[in-house]
Amino acid sequence: MQALRNLFRGPWVSEARLEGKTVLITGANTGIGKEAAADLATRGARVIMACRDLSKAEAAVKEVKERSLNDNVVCMKLDLADTKSIREFAQAVNEGEPNVNILINNAGVMVCPYAKTVDGFEMQIGVNHFGHFLLTFLLLDLLKRSQPSRVVTVSSMAHLLGSIKLDDINSERSYNKQRAYSQSKLANVLFTRSLAKRLQGTGVTTYCLHPGVVQTDLWRHLDGPQRFFVNLASPFTKTTEQGARTTIYCAVEPALENQSGGYYSDCAAANCSAAGKNDELAEKLWELSCKSLNITWD
């Protein structure tokens, strides 16, 4: 119903400018991350594209510069499946950047075969949640000094099917790739909710979003039956440009300046699942995340 209403009111547009602002986007070498990078660079921002594969990232930087006519676009290596890489990346940003005004936690993996990160996390919860949790923690002081600043995390409507297995967060007892993905996307929603409470009064606001059903490289692990239905539905999916709009909306829309912790879809506030509003569950996940990453974050 929300999508139908948005269809009649037309697409969201904004003339917001970002000169003097720095935007950091994870997983920006492809898909909606690259589209968001191009848009925000066009608005005048300095854009840091944080990517695992630097050869692909360098090609994406070249494209973003050409499209935006902005040369203040760089790439830096970041592997969200390795906490050592995250810490080295964050140190380089903290030491080399005077400000980061917008952090977009965009990178992710989807319905992949069972695998573990360098630190032993199941890959989907490890990259989609734990990796971004640690990155945000490590950049938080810089974000606070840069305020007003925003943290935007790309979730998915798949969170509606998710549950948090606090006693088996890494799916070691049993693994279903769809359920593991949904768990990681629900974790994004709960993280945003908890983070907003902890950041009240700091000038840092936080948002999460469903970008829409977008055909990107994330779909590469879909199996035969899933691929069949995805191809069948392809006329109704979004382009990467359309899929990036809600990310950009959460990053720049002035009306959101005094809002924090919400879930968005189609450039408007949307309803998340009941689990996504469960403050007790959010706190338990927060505590588990801090313990798993060996960090102290009150």
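The values are calculated or read from the model by the stated rules, or taken from the named source; none is laboratory data. All values reported here derive from a predicted model rather than from experimental measurement. Cβ: placed from backbone, ideal geometry, glycine included. Neighbour counts: every protein chain shown.
Please go through region 39-56 and give me each residue that is of a type outside the set (Asp, Glu) and either surrounded by 24 or more Cβ atoms within 10 Å (Cβ to Cβ) or part of a loop (DSSP other than H, G, I, E, B) (or both), ordered by number.
Kept after step one, since they are of a type outside the set (Asp, Glu), are these residues of region 39-56: 40-52, 54-56.
The answer is 40, 41, 43, 44, 45, 47, 48, 49, 50, 51, 52.
Can you confirm whether region 242-251 contains a residue that is touching a Phe, Trp or Tyr at 6+ places or on another chain (Cβ under 8 Å), polar (S, T, N, Q), buried (at least 21 other Cβ atoms within 10 Å of the Cβ) and over 27 Å from residue 122 (Cα atoms)? Outline the logic, then answer.
In the first step, residues of region 242-251 are kept if they are touching a Phe, Trp or Tyr at 6+ places or on another chain (Cβ under 8 Å); the result is 245-246, 249-250.
From the residues that got through so far, the ones that are polar (S, T, N, Q) too are 246.
Filter again for buried (at least 21 other Cβ atoms within 10 Å of the Cβ), leaving 246.
Still in the list and also over 27 Å from residue 122 (Cα atoms): 246.
Looking through region 242-251, at least one residue is touching a Phe, Trp or Tyr at 6+ places or on another chain (Cβ under 8 Å), polar (S, T, N, Q), buried (at least 21 other Cβ atoms within 10 Å of the Cβ) and over 27 Å from residue 122 (Cα atoms).
Would it be correct to say that residue 122 is surrounded by 20 or more Cβ atoms within 10 Å (Cβ to Cβ), among the acidic types (Asp, Glu) and closer than 30 Å to residue 175 by Cα? Spelling it out, residue 122 is indeed surrounded by 20 or more Cβ atoms within 10 Å (Cβ to Cβ), among the acidic types (Asp, Glu) and closer than 30 Å to residue 175 by Cα.
For region 94-119, residues that are acidic (Asp, Glu) and surrounded by fewer than 14 Cβ atoms within 10 Å (Cβ to Cβ) total 1. Of all residues in region 194-215, those being at pLDDT 95 or above, touching a helix residue (DSSP H, G or I) at 6+ places or on another chain (Cβ under 9 Å), in a loop (DSSP other than H, G, I, E, B) and of a type in the set (S, T, N, Q) number 1. Would you confirm whether any residue within region 131-154 is assigned to a loop (DSSP other than H, G, I, E, B), farther than 16 Å from residue 199 by Cα and not hydrophobic (A, V, I, L, M, F, W, C)? Checked region 131-154: no residue is assigned to a loop (DSSP other than H, G, I, E, B), farther than 16 Å from residue 199 by Cα and not hydrophobic (A, V, I, L, M, F, W, C).
Output the number of residues of region 257-298 satisfying the condition of being within 25 Å of residue 17 (Cβ to Cβ) and buried (at least 18 other Cβ atoms within 10 Å of the Cβ). Steps first, answer last, please.
The first filter runs over region 257-298 and keeps only residues within 25 Å of residue 17 (Cβ to Cβ), leaving 257-260, 262, 264, 266-269.
Okay, now just the ones that are also buried (at least 18 other Cβ atoms within 10 Å of the Cβ), so 260, 262, 264, 266-267.
Number satisfying all stated conditions: 5.
In the condition set (1) touching a residue at least 24 places away in the same chain (Cβ under 8 Å); (2) closer than 16 Å to residue 30 by Cα, residue 62 is compliant with all but (1).
Of the residues making up region 150-192, those that are more than 15 Å from residue 265 (Cα to Cα), of a type in the set (A, V, I, L, M) and surrounded by 24 or more Cβ atoms within 10 Å (Cβ to Cβ) are 151, 180, 187, 190.
Which members of region 243-298 meet the condition of being part of a loop (DSSP other than H, G, I, E, B) and closer than 15 Å to residue 206 by Cβ? Steps first, answer last, please.
Of the residues in region 243-298, the ones part of a loop (DSSP other than H, G, I, E, B) are 244, 253, 257-261, 266-267, 270-274, 278, 294-298.
Passing the criteria: 253, 257, 258, 259, 260, 261, 272, 297.
Within region 115-141, residues that are farther than 16 Å from residue 89 by Cβ sit with their Cβ atoms under 8 Å from residues that are assigned to a helix (DSSP H, G or I) and among the charged types (D, E, K, R), at 6+ positions apart or across chains, in these pairs: 124/177; 128/185.
Every residue in region 57-73 that is surrounded by 17 or more Cβ atoms within 10 Å (Cβ to Cβ) and not in a helix (DSSP H, G or I), please. Outline the logic, then answer.
The initial filter retains those residues of region 57-73 that are surrounded by 17 or more Cβ atoms within 10 Å (Cβ to Cβ), namely 57, 60-61, 64-65, 68, 70, 73.
Listed by number, the residues that qualify are 70, 73.
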